[in-house]
Amino acid sequence: MKLLILPSGWKLFAAFAGLTLFMTAAVLLSYPPGADGLLSAIRATARSSFALFLLAFLASSLVTLLPGNGSRRLLRERRFVGLAFAFSHALHGLLIYRYAQQFPELFWDGQTITSNLPGSIGYLFLLLLTLTSFKTPMRLLGRRAWKALHSTGMWVLAGVFCLSFYNGTPKGGWYPLAFALIFSAIAFKLTAKLARQQRRTASALS
Ligand code: HEM
């Protein structure tokens, strides 16, 4: 079956960005103005970012382990899915900034500069990955450095998601499931890496 209905390229980006904006507005409007609505929107954008991140993180592994039209198309659209992740996470950041400004006592309750460090490093990589997703910086960086940066950045971001969900597991609810999801995604990616290495060795030997 052809996947013609799905937009691609910048239209795909716009569709994901629009959905994320709509979801954020709906969450904010479903609460009276205040801390609860902001916190809910922060969580909601972290979840939309997580879904988009997983698609970008697993695209090449899906082509290796589950080849087909769907996985190949996802790989072709990876750049736009990645940029949609960056958009969703920029909203996460903006909402956090607003929350910290409006409710500093709630924001800093149980938080320290150190506990915010992994997330801040995550944002630094997100910025670098976003900036280098465009042609000129990509060319300036060169293929090897670009690959190294994007691979490292995606692993750092996977680590930040892993840590955020792990820290949430004592609360129960969705957190243990989310932690299991990111853990399985990491195992899946490593398996695909191993499979590619084995295929390369096998073809070198034959
Ligand atoms: C790339 C960096 C980051 C990632 C991947 C990330 C991811 C997450 C995740 C997965 C959640 C939990 C969502 C849920 O409830 O399901 C979350 C919530 C949250 N994040 Fe982020 N985050 C990042 C950066 C930051 C930074 C730098 C800050 C603050 C300085 C921050 C503040 C928060 C807050 C306040 C919440 C809500 C916590 C609560 O539910 O009480 N995040 N983030």
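What to note about this one:
- Binning all Cα-Cα separations of segment 108-174 at 5 Å, short to long from zero, yields these whole-percent fractions: 3, 16, 20, 19, 15, 11, 8, 5, 3, 0.
- Set Lys11/Lys193; Lys147/Lys189; Lys11/Lys135 screened for pairs whose C-alpha atoms are more than 23 Å apart: Lys11/Lys193
- Set of segment 148-165 residues, backbone N closer than 20 Å to the point 7 Å along the Cα-Cβ line of Gln111: 157-165
- Temperature 10 °C, viscosity 1.306 mPa s: under these conditions the Stokes-Einstein estimate for segment 64-118, based on its Kirkwood radius over C-alpha pairs, is 112 µm² per second.
- Note that segment 157-163 has calculated 3J(HN,Hα) couplings of 5, 4, x, 5, 4, 4, 5 Hz, one per residue in order, obtained from phi through the Karplus relation 6.51 cos²θ - 1.76 cosθ + 1.60 (θ = phi - 60°); glycine and proline are x.
- Translational D in µm²/s for the chain (Stokes-Einstein at 37 °C, 0.692 mPa s, Kirkwood Rh from C-alpha pairs): 176 µm²/s
- For segment 112-150, chymotrypsin sites (Phe, Trp or Tyr not before Pro) meeting the loop criterion (DSSP other than H, G, I, E, B) and having at most 11 other Cβ atoms within 10 Å: Phe134.
We did not get these values from a lab; they are worked out from the coordinates using the rules stated. Small disclaimer: the values here were computed from a predicted structure and weren't measured. In this analysis, Cβ positions are derived from the backbone assuming ideal geometry, glycine residues included, and neighbour counts consider all displayed protein chains.
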